1. In µm²/s, what is D for region 280-413 at 20 °C and 1.002 mPa s, where D = kT/(6 pi eta Rh) by Stokes-Einstein and Rh is the Kirkwood radius from Cα pairs?
2. Could you calculate the contour length gain from Gln109 to Asp676, that is, 0.36 nm times the residue separation minus the distance between their Cα atoms, to one decimal place in nm?
3. In nm, give the distance between the simple-model label positions of Thr33 and Arg277, each being 7 Å from the Cα along the Cα-to-Cβ direction.
4. Once the whole set of protein chains is in place, how much accessible area is left on Lys381, using a 1.4 Å probe, in Å² to the nearest 10?
5. Can you list the equivalent-ellipsoid semi-axes of region 52-106, largest first and in whole Å, using the square root of 5 times each Cα gyration tensor eigenvalue?
6. Quote the relative contact order of region 254-406 in percent (integer), defining contacts as alpha-carbon pairs under 8 Å separated by 6+ residues.
7. Quick one: compute the contact order of region 89-195, relative version, from alpha carbon pairs under 8 angstrom and 6+ residues apart, as a percent.
8. Provide the gained length on full extension for the span Ala142 to Leu597, in nm with one decimal, where the gain is 0.36 nm per separating residue minus the Cα-Cα distance.
Amino acid sequence: MTQPEQPLLDLARAHRVATSFTDWRGETRTVSTETLTAVLTALGADPADPVAALHAAWEAPWRRTLPACTTAVQGAERLVWMHVPDGAPAALAVELEEGGRRDLEQVDQWVPPREVDGALVGEATFRIPGDLPLGYHRLVAASGDRTEEAPLIVTPADVGLPARQGDRRGWGLAAQLYSVRSAGSWGVGDLADLTDLAVWAGADLGADYVLVNPLHAAEPVPPLEPSPYLPSSRRFFNPLYLRVEAVPEYAALPSRARARVAMLARRVREKAAAADRIDRDTAWAAKREALRLLFTVPRSAGRELDLAAFRRREGAALVDFATWSVLAETHGTDARTWPEDLRTPGSPAVAAFAAEHAEDVDFTCWLQWLLDEQLSHAQDKALGTGMGIGVMHDLAVGVHPGGADAWRLGDAYAKGVTVGAPPDPFNQLGQNWQQPPWRPDALEASAYAPFRDLIRAVLRHAGGVRVDHVIGLFRLWWVPEGQEADRGAYVHYDHEALIGVLSLEAVRAQAVVVGEDLGVVDPSARTHLASRGILGTSILWFETADGGALPAERWREQCLASVTTHDLPPTAGYLEGEHVRLRDELGLLTRPVEEELAADRAEQRVWLDEVRSRGLLADDASEEETVVALHRYLVLTPARLVGAALVDLVGDRRTQNQPGTLEEYPNWRVPLSGPDGRPIALEDVFTSPRAARLAAVLPRRG
């Protein structure tokens, strides 16, 4: 790896690529020439001639009449430029989303003209007032008889909590839905289980939300990717989570078809009962056959109208997703390996394929309609218990590079790089999440429509969203293909725009936004998120100050506080050092296991001593009493929301996910289990005294 020369460094900075970074030990590391070259190429720059490429980058805004997309915060004025031939008249107005027009005031601010292609270009400056309504508007520029338009997005200053929640503190459950299985589910927790879990949590425990893992769409046929954080699409949902018997047409199935469905369900349940792993492939193969039978049942006139309305609302994105799904059944689930003429959604070959397989495309669209219906039911039932938030979805960082979103959105994603994270104390070799990153320039050119659409879809039937690795809205660690995870570079995004769009969609959906802001985070990012009313994430074990436990009174208010997270073992396992031993077995440690265990015990002792100092924990406390005491401590903090993992309510010990591994550990395939390590059914969770004892210490609704 070589040190970059100055022209390449200048080009990188012009494209908002960081040329150095501070690692988790506090040391500054320079990004190599090879990494910068790969990242700039993925951004569409030409690092082979950095001087010419830098000149092109400087000229690019002057070739435009208006910025590609402008975002503003309601209540705050901002300035926007307009380029015209030097000396030509300039006028700018706003056409509002809901109708109406506002002329903008030109500001007396002289900017020297610039020569572009032999002609002088001047810059006029206009003021966007702070009293514009929220929404997706249009800037209309006029110079003489020529007009041009560009998007203007006015975003809320503060998201906050939904009006239903008000100012009261709330708590909720965090659950990996696939692991939460009932007598009625087909080997994998589903949306009927989510509905029942939410009703129990809201009605019996006084919870305000249930946070679930990402329910994004996976592959249409086995083998299915186990990780919910590596989906095929974030815009659409995974039909694996459908409850077959809850589909209204199930009641009209002919007796022979109904018997077939019952047999399929019985086989799946029998196999699941004999296994210690979640088997998505078996469950989905059986469900898919059953759903095919249901698809042939005639629908009522009203349901046909509802399906048609759903398809109109989802538009071309739904058809493209469905087309990818059917193509994947024939050509494999990685679109990068398909025949060349099928790799572009708008190609004649794709259109011909979709026409030939129209019934299969319709089937996939129908599945998404069913998901919309069952998700809506889950949220309605959750709110019906008095929950202030209801279902809170988790938004994954990205998608599979050969999946539906990467295929249908094309150049919105960068090629030749993947997203990851530099080394940190828990992942000392760094991480590569094998996902393509958004291209910042493509997002801006599209007025952030792909991002807007996925946020809107996730929040359609939800009261909140947890944004995994929310710092990715500020910067992402891009790793060139073929390089180790620590050989990446940070690429910066327009966080004002991304957070603005996220906030606008959340306010319109009356939803709360929680950002997962753990790991290496610039403090200014947390400050900005808090200023926009976006809650952060505080995990007890990570809340330290000056080498000791951060006292409860000093925790931030704008956060969701919990003891653990899905990337750590359940608290019972964590107390036993399960995370250290597991990383040692998998070869993920960079120092001897004895040292790591000693350090871990010392860190735990700091926190347990702090909890004891508050009179919450006896010296001879049992493991269950310790788990309860740690959650009692959360209530002492000012955190607006408190979270309790379902695994902690039932005494589970096993890790759901070990970062930095793929097949070395059964990530995302561990069923919800009790203290004895045996899988536990949802019906038994509802009557668990242990669960009731832990829930009783959390801030119950009055």
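1. Values: Rh = 16.9 Å.
It diffuses with D of about 127 µm²/s by this estimate.
2. Details: separation 567, 0.36 × 567 = 204.12 nm, distance 7.18 nm.
That works out to 196.9 nm of additional length.
3. The modelled label-to-label distance comes out at 4.6 nm.
4. Roll a 1.4 Å probe over it and Lys381 shows about 90 Å².
5. Details: eigenvalues 132, 48, 21 Å².
Listed largest to smallest, the semi-axes of region 52-106 are 26, 15, 10 Å.
6. Numbers: 77 pairs, mean separation 32.7, N = 153.
Relative CO of region 254-406 lands at 21 percent.
7. Values: 140 pairs, mean separation 20.8, N = 107.
Reported as a whole number, the value is 19 percent.
8. Working: separation 455, 0.36 × 455 = 163.80 nm, distance 6.77 nm.
Between Ala142 and Leu597, full extension yields an extra 157.0 nm.
The values are calculated or read from the model by the stated rules, or taken from the named source; none is laboratory data. Fair warning: this is a prediction, and the values are worked out from it, not measured in the lab. No Cβ is skipped: glycine too gets one built from the backbone with ideal geometry, and neighbour counts run over all protein chains shown. For accessibility, only protein heavy atoms count, side chains too; no ligands or nucleic acids. Shrake-Rupley method; radii C 1.70, N 1.55, O 1.52, S 1.80 Å.
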